[in-house]
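Report on the structure given below.
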Amino acid sequence: MEPKKPETRSAADPVYDLEPRRLDPGLRWYIARTAPRMGERALKALKDAEVDLFQPRTSEVVVYRGRRVVRHAQLLMRTVFIGVRDDMHLAEAQGAPGVAEIVSHPAPDTSPPGNIAGMVMRPARLDAEALQRFVDAVISGEIVAPMSVGEGSSVIVRAGPFASFPGIVEAVLPGDRLKVSVSIFGRATPVEVGLADVEIV
């Protein structure tokens, strides 16, 4: 029996970049905001405090030195969802270096009688099931969309014998190759080029 050959991917194929994420329903979930330019420090401090984290992100496929690379970026700037065990754990997370605040909402003051009645700001606890649905939606969106080049895209060949020729993509081929129809002396001629050898116009 012949060994199975590795599958050759195409630039038109999606990239499945994340595994499903199951949040611990036994934890209390909140939204933390990090201080400007202190996101990495805050994430490290929260991990050191054994706080469960989820930071939504978005991804795109780019070509770098002729290879497809998945590039990530934060979906919600300076925002991270945190799971804590109890109020003391929440206070530890709130005091972690780099954490600016825990998103709060107004709630009735339930402190002992004698205080002036009114509303106070309390950390906004999230519903774990609703947050899990949000996480599932984010991760399904994390299945990276294919390169923006596709059939019908207008390109200019930047390398090889057809450099500087304009063309139209006729097909996206396996192995990050493109079939491009270039105009040579007024006639459309199909040629095969690498994905990194063209520029979208």
Quick one: Karplus J couplings for segment 185-195, per residue in order, coefficients 6.51, -1.76, 1.60, θ = phi - 60°, nearest Hz, x for Gly and Pro? 6, x, 10, 6, 10, x, 9, 10, 9, x, 4
Measuring from label point to label point, each 7 Å out along Cα→Cβ, what is the Thr58 to Ala188 span in nm? 3.4
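We did not get these values from a lab; they are worked out from the coordinates using the rules stated. Everything numeric in this text was worked out from a predicted model, so none of it was measured. Cβ atoms come from the backbone with ideal geometry, glycine included; neighbour counts cover every protein chain shown.
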